[in-house]
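Engineer: Before we start, here is the structure in question, set down as structure tokens.
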Amino acid sequence: MLPAAHRMRRSADFQQTVRRGARGGRDTLVVHLTTTTDPGPPAVGLVVSKAVGNAVTRNRVRRRLRALLAARVHRWAPGTLVVVRAQPDAASATSAQLARDLDGGIAAAERRAARRPESPVSA
């Protein structure tokens, strides 16, 4: 289970991360990652649209992604914001494939974020 302190809840945090964050895309999901000057714990947000499937399918994808992210959130520095957007292929993906795509998307977003010369966004 993803701890409450690591859940992104504010719409502004989602917008900031998607618009200004580094992006890492895969077949089943897209990862957006940014850092802020906020000393708080890293936070994760999920976007699972109706394109993924019906409510049962979306909730299943959301639960699987939350479980995968709970194991990875402690690796990030304080102030890191991550948004994971599920693609329609996530509905039929196995958990192993979702884990591979999540790790690949995170790695790609981290590489892109490291190459950016800009300073962290203030929260």
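Engineer: Which is the longest stretch in the chain that no exposed loop site breaks, taking sites as trypsin sites (Lys or Arg not before Pro) with a DSSP loop state and at most 12 other Cβ atoms within 10 Å?
Structural biologist: Longest site-free region, per DSSP loop and neighbour criteria: 51-123.
Engineer: Quick one: if the Förster radius is 22 Å, what FRET efficiency do A4 and N59 give, using the C-beta to C-beta distance and rounding to 0.05?
Structural biologist: After rounding, the FRET efficiency stands at 0.75.
Engineer: Ok, one more. Using amide H atoms built in the peptide plane, which far-off residues or other-chain residues are under 5 Å from A93 H to H?
Structural biologist: Residues meeting the criterion, in which the H sits 1.01 Å from N, do not exist here.
Engineer: Angle check, please: helix 95-115 long axis (alpha carbons) against the longest principal axis of the chain (alpha carbons), in degrees 0 to 90, nearest 10.
Structural biologist: Computed tilt is about 20 degrees.
Engineer: From the list [x] 170; [y] 118; [z] 94, can you say which value of volume of the Cα convex hull per residue in Å³ was derived from the structure given?
Structural biologist: Read-out taken from this structure: [z].
Engineer: How far apart, in nm, are two points set 7 Å out from the Cα along the Cα-to-Cβ line at V47 and at R66?
Structural biologist: Spacing of the two 7 Å Cα→Cβ label points: 2.0 nm.
Engineer: Please state the charge dipole magnitude for the chain, taken about the Cα centre, from unit charges on C-beta atoms (+1 on K and R, -1 on D and E), reported in debye and rounded to the nearest 20.
Structural biologist: Charge dipole of the chain: 220 debye, to the nearest 20.
Engineer: Still on this structure, I have one more. Provide the percentage of antiparallel DSSP beta bridges, counting only those with both residues in region 19-123; round to the nearest 5.
Structural biologist: 65 percent
Engineer: Can you put T94, T36, T28 in order, fewest other beta carbons within 10 Å first?
Structural biologist: Listed from fewest to most nearby Cβ atoms, that is T94, T36, T28.
Engineer: Still on this structure, please answer the following. Any idea what the relative contact order of region 13-117 is, in percent, if you count C-alpha pairs under 8 Å spaced at least 6 apart?
Structural biologist: 44 percent
Rule-based calculations on the coordinates, nothing more; no lab input. What you see is a predicted model, and the numbers here were worked out from it, not measured in a lab. Here the Cβ is made from the backbone with ideal geometry for all residues, glycine too, and neighbour counts use every protein chain on show.
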